[in-house]
Amino acid sequence: MDVIKIFAPATVANVACGFDVLGFCLDTVGDEMVIRKTTNKGIFITKIENFDLPLETELNVAGVSALAMYEALKPDCGFEIEIYKNIKPGSGIGSSAASAAGSVFAINKLLGNPLNTTQLTEFAIKGEALANGCDVADNVAAALFGGFTLVKSLNPLEILQIPTPDNLFATIIHPQIEIKTSESRAVLPDHIKLKDAITQWANVGSLIHSLHTSDYSLMQKSLHDVIVEPHRSALIPYYDEIKTNALDAGALGTCISGSGPSVFSLSKGLETANLVRQAINNVYSKKGIDFDLHVSKINSQGIKIL
Ligand code: HSE
């Protein structure tokens, strides 16, 4: 195999209470990438469609992760990368993660799978770091492993795959404004109150339990964020109205997707997820801000070969 085409999915990081450690993978939103073996050695970004992103390998997240892997494996060939981007950069649904994870996934396939998924995540983190300004694995792990993932530890890297209840659907609103992850991290406090930390880690534990047991009622009680949301929600226009209307329409929980501006809701069943979509549409279509709305099953496979 000398060429491969993949779907590199969007992902939701944090999942309310799990800042920097939890993520899940979407099914209906993502980029496509074509990666081709070349006789010329090196990593070459040859095409990027839809968004104005750098073609220089060292300045592109897909290039940086691929280059790190390439330098470690030293294969006897090079690779060209074409990126057909559908996820807007700075959207909060893992745009950079899709590219960073997609390139290493595809190159691994073209080389006959020398690396396991945790090793691929290590390299994808290096691409993500270019966009985030720090090492974060929550989006890239969800893209590479699929389903729900927990970053147990960054050093050494340990990713846990958490089961996904069958009937769980996500509704995502993406207001068409850009919030850079670095800016969204800059508004966070250096210190938090012990009482808030206790609430938060209790919610992380119970959310994980609810995913293992398909306990939607416990999931509803766990999808809360007392640490990050109070600081970041002010960056997202009409955040409180989105949340109130989504919850009134039946969402189990609604919170900021990654570093925003996207906002995710989780619902039991497609019908409720669509009602949540309608409720959010009713609010946001009157605000004069362009937006996209997506409903997606949780993608338990992650990146797919097309
Ligand atoms: N966990 C990260 C954040 C996701 O919320 O800043 C963005 O990479």
One residue from Glu49, Glu32 being away from the ligand (no atom under 16 Å from the Cβ), modelled with pLDDT of 95 or more and within 29 Å of Ser265 (Cβ to Cβ)
Glu32
With respect to Ala131, determine if the residue is within 15 Å of the ligand (Cβ to nearest atom), closer than 30 Å to Val64 by Cβ, open to solvent by 40 Å² or more (accessible area, probe 1.4 Å) and outside any strand (DSSP E or B).
yes
Scanning the stretch 88-107 for residues that are more than 13 Å from the ligand (Cβ to nearest atom) and touching a Phe, Trp or Tyr at 6+ places or on another chain (Cβ under 9 Å), the one most open to solvent (accessible area, probe 1.4 Å) turns out to be Lys88
Take the residues in the stretch 18-32 that are of a type in the set (A, V, I, L, M, F, W, C) and touching a Ser or Thr at 6+ places or on another chain (Cβ under 8 Å), then tell me which one is nearest to Tyr84 (Cα to Cα).
Val29
Index of the failed condition, Ile242 passing every other in (1) open to solvent by 10 Å² or more (accessible area, probe 1.4 Å); (2) part of a helix (DSSP H, G or I); (3) touching a helix residue (DSSP H, G or I) at 6+ places or on another chain (Cβ under 7 Å); (4) more than 16 Å from the ligand (Cβ to nearest atom)
(1)
Identify the single condition in (1) within 16 Å of the ligand (Cβ to nearest atom); (2) of a type outside the set (D, E, K, R); (3) in contact with an Asp or Glu (Cβ under 6 Å, 6 or more places away or on another chain) that Tyr84 does not satisfy, given that it satisfies every other one.
(1)
Looking only at residues that are among the aliphatic types (A, V, I, L, M) and more than 13 Å from the ligand (Cβ to nearest atom) in the stretch 10-29, which one is surrounded by the most Cβ atoms within 10 Å (Cβ to Cβ)?
Leu26
When you scan the stretch 31-38, do you find a residue that is assigned to a loop (DSSP other than H, G, I, E, B), in contact with a helix residue (DSSP H, G or I) (Cβ under 8 Å, 6 or more places away or on another chain) and closer than 30 Å to Ile173 by Cα, even just one?
no
Look through Leu55, Leu67 and report the one residue that is open to solvent by 20 Å² or more (accessible area, probe 1.4 Å) and in a loop (DSSP other than H, G, I, E, B).
Leu55
Within the stretch 215-233, of all residues that are part of a helix (DSSP H, G or I) and away from the ligand (no atom under 15 Å from the Cβ), the one most open to solvent (accessible area, probe 1.4 Å) is Lys221
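The values are calculated or read from the model by the stated rules, or taken from the named source; none is laboratory data. Here the structure is a predicted model, which means the values were calculated and not measured. As a convention, Cβ positions derive from the backbone with ideal geometry for all residues, glycine included, and neighbour counts pool all protein chains shown. Heads up: the accessible areas ignore ligands, DNA and RNA and are worked out on the full protein's heavy atoms, side chains in. Shrake-Rupley method; radii C 1.70, N 1.55, O 1.52, S 1.80 Å.
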